[in-house]
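Report on the following structure.
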Amino acid sequence: MTQPRVVILQNYYTPYRAALFTELRTKNLHLRVIYYQIPENEGRKWRPAEDLPYESARVPSRQFRKLALFTVPKALFADADTVILLDDNPSSLSMALLALRCRLHGVRRLLWVEHIPDSFKSRAKRLYQNLCSRMLLMLSDATICFSQMSAAYVRALDRTIPINPMVQATPEPNQLSPRTPGEPIRRFGYLGSEGPRKNVDTLIRAFSSLADPNLELHLAGFNGHSDDPRVHWHGYVDGDARERFFAGIDILVLPSQADPWGLVINEALQRGCLAIASNRCGSSELVAMIDERLVTGTEQNEIATTLAYARTLDRGTVIRLHARACAAMTGYSIEAAATAMHDAIARGHRPALAPLAT
């Protein structure tokens, strides 16, 4: 049987997506991933792995203000059965042109969507994003949505386009640090950037409002200052330093004003931490599966209330929540993500294409 040929557009290489594509490649299909930027464009330090089991190519792009303009040679997509386009604001115009070309060549088009309803953006940015998304939805046959929030975003713009649910996933860590079961929640952590969207200043103020001298807040990803001696800064962490950071906290907090998902939540849960996420993060759906009371609002008093709740959890409750976290994460593994994407690719294929093996 001829393997279905699938092309996936990505802005740049990430190890998380590489793990997904590597697993997807085992699903009886031929896979080609096309990048139009490099990790350094977004301040990332990743280097593409060698000897990947799927094809990859990078097409040149030009930056015009915030637009990423590129074109894909016909040879890279015309032989495909399905092309998975990316709803990425900087590249929307180029994606739309590619979608039109794919349509002319009879190539099925899926749209990869991670956008969420986002009141944090300015009205002008929301208008631009919605217009671009509408255009791409009109040019696509179906969508792949990476959270319930993403599905809500799509459905608000298009009531009829098929939505294929997808899960966010990160690779399992190579080695887990030992933890004592049922340890009380005393060490809070945040790992990420410091931009206003991430709401870190509010997290620090919320933490400092708690009077317990035994509490700690560990911040990684950047350096800063706080007058509270219980706040500890770790700077940029990667590799072993990143693992030490997770080993040194009990619960990860993601207080973002808007976040399409927040893969750091997955990473924390995989490493035996619990997690708190704001109700404006896509990953709040995962946190709610463990304990709805660990989903917080974004205001200082709301975050403080959630931190205070977490610190009161007794040993038995912590053990039960860790068990729920382990159960929940089985649905967010790389294998589960690859199966979900495989199903989206297989569902509704053009009649001339043989179904994928299961």
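The values are calculated or read from the model by the stated rules, or taken from the named source; none is laboratory data. Note that this is a predicted model, so its numbers are computed, not measured. Counting neighbours? That spans all protein chains shown, and the Cβs are built from the backbone with ideal geometry, glycine included. Keep in mind that these areas ignore ligands, DNA and RNA; they rest on the heavy atoms of the full protein, side chains included. Shrake-Rupley method; radii C 1.70, N 1.55, O 1.52, S 1.80 Å.
Key figures
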item	result
Helix 315-329 axis, angle to the chain major axis (alpha carbon atoms, nearest 10°)	10 degrees
Highest-first arrangement of 134-142, 51-59, 196-204, where packing means the average Cβ count within 10 Å	196-204, 134-142, 51-59
Estimated D of region 189-309 in µm² per second, where Rh is the Kirkwood radius over Cα pairs and Stokes-Einstein applies at 20 °C, 1.002 mPa s	152 µm²/s
Estimated FRET transfer efficiency when R0 is 45 angstrom, pair residue 301-residue 49 (beta carbons, to 0.05)	0.50
Length gained when the stretch residue 176-residue 62 is fully extended (0.36 nm per residue, less Cα-Cα span)	36.9 nm
The chain: most fluctuating residue of 70, 188, 146 per GNM, C-alpha cutoff 10 Å	70
Packing-based ranking, highest mean first, of 28-34, 263-269 given that Cβ atoms within 10 Å are counted	263-269, 28-34
Segment residue 38-residue 320, length gained on full extension (0.36 nm per residue, minus Cα span)	97.3 nm
FRET efficiency estimate (nearest 0.05) - Cβ-Cβ, residue 244 to residue 161, R0 56 angstrom	0.80
Computed accessible area, residue 242, all protein chains, 1.4 angstrom probe, square angstrom	50 Å²
Simple Cβ-charge dipole of the chain, Lys/Arg +1 and Asp/Glu -1, about Cα centre, in debye nearest 20	1160 debye
Rh by Kirkwood over Cα pairs, then Stokes-Einstein D for the chain at 1.567 mPa s and 4 °C, µm²/s	60 µm²/s
Heavy-atom surface of the chain, accessible at 1.4 Å and reported per residue (Å²)	47 Å²
Fully extended contour minus Cα-Cα distance, from residue 2 to residue 127, at 0.36 nm per residue	40.7 nm
Within the accessible area of the chain (1.4 Å probe), percent carbon and sulfur	53 percent
Peptides ranked, highest mean first, by Cβ atoms within 10 Å: ranges 245-256, 86-97, 210-221, 173-184	245-256, 86-97, 210-221, 173-184
Cross-link reach list, lysines versus residue 66, counting only Cα pairs under 27 Å and skipping chain neighbours closer than eight places	45, 74, 121, 125, 198
